[in-house]
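Take a look at the structure below.
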Amino acid sequence: MRIGVDLGGTKIEAIALGGGGEVLVRQRVATPPSYEATLDAIVRLVRDVEQEVGARGSVGIGVPGVVVPATGLVKNANSTWLIGQPLERDLSRLLDRPIRTMNDANCFALSEAADGAGAGASVVFGVILGTGVGGGIVIDGRCLVGANLIAGEWGHNPLPWMTADEFPGPPCYCGKVGCIESFLSGPAFERDHSRRSGRQEASRDIVIAASRGDEHASRSLSLYHDRLARALASVVNLLDPDVVVLGGGMSNLAGLSEAVAALLTTYVFSDSVTTRVVMNAHGDSSGVRGAAWLWPTSPSGT
């Protein structure tokens, strides 16, 4: 049995996969905003999953950052309480077994490239649009990690082709301003809408209001589409992937992939764009499936 854990900014999800990749059990809890509480939540989830299935499993963790092999410490996490912490080492001790970790966006991209919306494609760029903005690159079935462990981290490049009223951009937790994440994350979308409309509304409510013809909501949604197209165009210009798979909570906005695909030709350095922009096949749980598959074999044989 393989257990995968997706450590997100708002939720922690755990699943157990059988030998054929079937989901045996799934559990979720809210993400606590402290390191020790996060450790406790992950350990409880793994133990609860094992108790429900009645078997011990390997454990892979998708993290919102990376664990540096030389130090064993987390870096580049938008869940900032994880930064500088020995997450993999602590969980290995608490769960009494080896643990494998990988960036959550890489786990998502691996899952979708293997048997999801990017299956069969040579180059897949997996996008996370959620509490933060991340990305993962899969080439011929293998994840590109990079020399600095940051391959695919497009969320911390500046938003391309900023307009005068966008420049220099909102501050980002990384210390810079104008990062793609500071425009395209879920909280950033809601803050931008509130700033221009004077209304505090959730993302889904903004989309509903736009569908009913609300001027402010329609403008906010149009801007989001255009900014995402600009940001992805820079990825296409550099990587030229066969397919871009959208994931994370913001990917659930109705019509997002179609709207962005139509706008790519405005920005990509090509007279035509064959890169497909598609929704994920495995929903919010694609990343946790990828985490489970960090172990190629199951210790229990199930």
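The values are calculated or read from the model by the stated rules, or taken from the named source; none is laboratory data. As the structure is a computational prediction, the values presented were derived from the model and not from experiment. Here the Cβ is made from the backbone with ideal geometry for all residues, glycine too, and neighbour counts use every protein chain on show. All accessible areas refer to the heavy atoms of the entire protein, side chains included, with ligands and DNA or RNA removed. Shrake-Rupley method; radii C 1.70, N 1.55, O 1.52, S 1.80 Å.
With every protein chain left in place, what is the accessible area per residue of the stretch 79-128 in square angstrom, probe 1.4 Å?
Per residue, the stretch 79-128 has an accessible area of 37 Å².
Report the antiparallel proportion of the DSSP beta bridges in the chain as a percent, rounded to a multiple of 5.
60
State log₁₀ I(q)/I(0) for the stretch 143-302 at q = 0.09, 0.10, 0.14, 0.20 Å⁻¹ as given by the Debye formula over alpha-carbon point scatterers of equal weight, solvent excluded.
Values returned for q = 0.09, 0.10, 0.14, 0.20 Å⁻¹ are -0.35, -0.42, -0.80, -1.46.
Taking amide H atoms as placed 1.01 Å from N in the peptide plane, list the residues 5 or more away in sequence, or in a different chain, whose amide H sits under 5 Å from that of THR101.
Residues meeting the criterion, in which the H sits 1.01 Å from N, are ILE61.
Please identify the helices of the chain, taking whole runs of DSSP H, that span at least 18 Å along their own axis as judged from the Cα atoms and have a mean Kyte-Doolittle score of -1.0 or higher.
Span-like helices, by this rule, are 35-53, 215-239.
Using only the Cα atoms of the stretch 63-210, build the gyration tensor, take square roots of its eigenvalues as a ≥ b ≥ c, and label the shape rounded, prolate or oblate: rounded if a/c is under 1.5, else prolate if a/b is larger than b/c, else oblate.
Since a/c reaches 1.5 and a/b is larger than b/c, the shape of the stretch 63-210 is classed as prolate.
Would you mind telling me which residue in GLU88, GLU153, GLU22 has the biggest mean-square fluctuation in a Gaussian network model of the chain, where springs connect alpha carbons within a distance under 10 angstrom?
Comparing GLU88, GLU153, GLU22 in a Gaussian network model of the chain, the most mobile one is GLU22.
May I have the pair-distance distribution P(r) for the chain, computed from all Cα-Cα distances with 10 Å bins from 0 and rounded to whole percent?
It works out to 6, 28, 34, 22, 8, 1, in whole percents.
Based solely on its DSSP helices, what 222 nm [θ] is calculated for the chain when runs of n ≥ 4 H residues each add -39,500 (n - 2.57) and the sum is averaged over all residues, nearest 500 deg cm²/dmol?
-11000 deg cm²/dmol, from helical runs alone.
With the Cα gyration tensor of the stretch 165-248 giving a ≥ b ≥ c as the square roots of its eigenvalues, does the rule (a/c under 1.5 for rounded; else a/b larger than b/c for prolate; else oblate) give rounded, prolate or oblate?
Oblate, because a/c is 1.5 or more while a/b does not exceed b/c.
Along each of its three principal axes, how wide is the spread of alpha-carbon positions in the stretch 1-100, in whole angstrom units, largest first?
34, 27, 21
Report the label-to-label distance for THR163 and ARG44 in nanometres (one decimal), using points 7 Å from each Cα along the Cα→Cβ vector.
4.6
By the gyration tensor of its Cα atoms, with a ≥ b ≥ c the square roots of the eigenvalues, what is the shape of the stretch 213-287: rounded for a/c under 1.5, prolate for a/b over b/c, or oblate?
oblate
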